[in-house]
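Report on one structure; see the data block that follows.
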Amino acid sequence: MSPRLDRSIRRALTVIAAVAALTAAASTQERDRAKIPASYTWNLADIYPTEAAWRAAKDKLAAELPQLRQFQGKLASSAKTLADALDKLYAFDKELSRLYTYASMLADQDTRDATHQGMRQEMVQLAAAFSAEAAFIEPELLRAGKAVLDGFVASEPRLKVYRFYLEDVARRAAHTLSENEEKILAAAGPVGGTASDVYGILANADFPYPSVTLSDGRTVKLDQAAFGDLRALPNRADRETVMAAFFKALGGFSRTFGTTMNGEVEKVAFFAKARKYPTAVEMALDGPNIPLSVYTRLVDGVNRNLPAFHRYLKLRKRVLGLDQLHYYDLYAPLVGSVKLEYSPEEAQKLVLEAVAPLGPEYQATIQRAFKDRWIDLLPNEGKRSGAYSNGGAYDVHPYMLINFSGKYTDVSTLAHELGHTMQSYYSNKVQPYPLASYPIFVAEVASTFNESLLIDHVLKNMKDDDARLSLLGNYLENIKGTVFRQTQFAEFELRMHEMAAKGQPITGDGLAKLYFDIARKYYGHDQGVSVVDDYIANEWSYIPHFYRDFYVFQYATSFMASEALAAKVKAGDETAKKRYLTFLSAGGSRYPIDLLREAGVDMTTDEPLDLTIKTMNRVMDEMEAIIARRQSAPR
């Protein structure tokens, strides 16, 4: 798949997965989608009024794609011809993104629906056809030469919007192939998605998830969504039962999961070699022009700061009153007596209040998202687990998939996905389509920025020590899950691809050993910080992000960037707020490192991580002070 089309599909499928959070309250929620109130479901009719209308638009685009051929061999003939060609290219790209968005979200409503899964597969085929038709463009632009293209841009006003794209094509010249070679890679695109598709259907629809009986006598099925809740049960024996059963069940299919993962790794290696990149990670980072040192600096820096993480784990053990912390204790509520539960309406109100520092327009747009059904809020049978925001329908509005079940973590997830949505909304509103799609590297900044505003707002209004301790613990959980855990995943992913590059086999057993060794290092198993039980070796097969190659490290970098930016906005710095809103509106008009530097943070340095660790230590100081007060209080 060409870099041009890859950006299109990434735009259409801006699926920012969050932790699948489904709590015990979910058992009381309606799981039949037909019975869920419409106000809690998204309205896809804003994109196409009916599936028949989608079909007509899809067939029309498929018939029109060959129109690109009229420009073949002529791009360097005149500035007008080039502008006409790029206008046509991006018009098709925009419609493709809209079509893809509709089909993918229909499929996610119920992953068991074969018709909607088929619509998504049709879009994969159409995307490949589009890429094949456009394969001549970038090789031809490179043959024209930078001087010619610069002259065209200077003389034709319509080309100004394409300046950044044309400069980026020149930057990637060494990795752009001949027209015929580009066509071959485009044709390989659908095949390249097979491993991910098979994993998605197996994990979300077909896997025989086990059932367990809990201490209260309930028998529960441990599907992915339920596991996200049940691993946090207050009863420790239940947590161990749930986690052991879930990961042992996954381990029973390690050969299958190893095969799908090997298919993904081989795909990436194929495209990296075909495009003449030394390594798979360098190919992944070159698209958004991110220095390899940013990735390696993150992994090295987090490893250097594991003592701070271990301090948190020891604090968790202390609060829970345990002699020994196990992996199955990592999701337990820190303060079992604190029950923070919210209705959907209460969650909406809380988020609206929290984002007040960003101004009334920001709040009003979020109100629109609630009122105009941009959100598919509640879980239902067969619905894709987790959460995401999809801004691929440029002329409509962004959409969100959530699995809300009433806990604070669900409120935080809502704020998180609304951050993505606001970045898509502002970028689509301010930038022309060719510049609207923001880089994945910055995608998690807006989401975690909102989470930071939320926790700050809730803490300001929370005086009870137990509740504060619970919320501060939740904040540290965000750091654990977003900085340390995602970097753990990033290190695993890097080592996995390095294994393949060395000719070592990618099997379920091999991946389990690799994952197990890294997990034990991060959680301080050998130092007695937290016991990582043997079945945790299978956790790697639970993580769908490994099929979005070298994606997860961006959760950590974005979290660190957002913390640095949010601190200034929360302090009332109007200049910082203005710069941040400008960043939200910038789309993909510059490279991500430059976007963040202009917003006020330099991701090529250690400063963002250092600031995050300092904040983490301050929070732990406050938690320890609360614990000391509780212990000294008269009984």
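The values are calculated or read from the model by the stated rules, or taken from the named source; none is laboratory data. These figures come from a predicted structure and were not determined experimentally. Glycine also receives a Cβ, built like all others from the backbone with ideal geometry; neighbour counts cover every protein chain displayed. Heavy atoms of the whole protein, side chains included, go into the accessibility calculation; ligands, DNA and RNA do not. Shrake-Rupley method; radii C 1.70, N 1.55, O 1.52, S 1.80 Å.
In the stretch 141-178, which residues are over 28 Å from the mean Cα position of the chain (by Cα) and basic (K, R)?
R143, K146, R158, K160, R163
Do we find a residue being assigned to a helix (DSSP H, G or I) and touching a Lys or Arg at 6+ places or on another chain (Cβ under 7 Å) anywhere in the stretch 509-528?
yes
Of the numbered conditions (1) out of contact with any Lys or Arg (no Cβ under 6 Å at 6 or more places or on another chain); (2) outside any loop (DSSP other than H, G, I, E, B), D216 fails exactly one; give the number of that condition.
(2)
Does E381 meet the test of being loosely packed, with under 15 Cβ neighbours inside 10 Å and outside any loop (DSSP other than H, G, I, E, B)?
It is false that E381 is loosely packed, with under 15 Cβ neighbours inside 10 Å and outside any loop (DSSP other than H, G, I, E, B).
Return yes when S424 is crowded, with 21+ Cβ neighbours inside 10 Å, over 20 Å from L453 (Cβ atoms), touching a residue at least 24 places away in the same chain (Cβ under 8 Å) and within 17 Å of the chain's Cα centre (by Cα) and no when it is not.
no
Residue check: is D372 buried (at least 24 other Cβ atoms within 10 Å of the Cβ) and of a type outside the set (S, T, Y)?
No.
Output the residue which, of all residues in the stretch 529-559 that are open to solvent by less than 20 Å² (accessible area, probe 1.4 Å) and not in a helix (DSSP H, G or I), is nearest to T241 (Cα to Cα).
Among those residues, the one meeting the criterion is V532.
If you check L22, L44, which single one turns out to be at pLDDT below 95, crowded, with 18+ Cβ neighbours inside 10 Å and within 29 Å of the chain's Cα centre (by Cα)?
L22
Which one is nearest to the chain's Cα centre (by Cα) among residues in the stretch 286-340 that are farther than 28 Å from L459 by Cα and among the charged types (D, E, K, R)?
Taking the candidates together, the pick is D286.
So is Q348 open to solvent by 40 Å² or more (accessible area, probe 1.4 Å), in a helix (DSSP H, G or I) and modelled with pLDDT of 95 or more or not?
yes
Answer yes or no: is there a residue in the stretch 174-196 that is closer than 30 Å to K383 by Cβ, of a type in the set (D, E) and assigned to a helix (DSSP H, G or I).
no
Under 8 Å by Cβ, and 6 or more places apart or on different chains, what pairs join a residue from the stretch 286-308 that is without any contact (Cβ under 8 Å) to a residue 40 or more places away in the chain with one that is among the hydrophobic types (A, V, I, L, M, F, W, C) and open to solvent by less than 40 Å² (accessible area, probe 1.4 Å)?
Cβ pairs passing all conditions: L292/V281; L292/L285.
For the stretch 70-92, does any single residue satisfy the condition of being open to solvent by less than 10 Å² (accessible area, probe 1.4 Å) and more than 18 Å from Y162 (Cβ to Cβ)?
Looking through the stretch 70-92, none of the residues is open to solvent by less than 10 Å² (accessible area, probe 1.4 Å) and more than 18 Å from Y162 (Cβ to Cβ).
I'd like to check something: does the stretch 292-309 contain any residue that is at pLDDT below 95 and either in a helix (DSSP H, G or I) or at positive phi (or both)?
Checked against the condition, which is being at pLDDT below 95 and either in a helix (DSSP H, G or I) or at positive phi (or both), the stretch 292-309 yields no hits at all.
Evaluate the following for P288: is it under 23 Å from S558 (Cβ atoms) and open to solvent by 50 Å² or more (accessible area, probe 1.4 Å)?
No.
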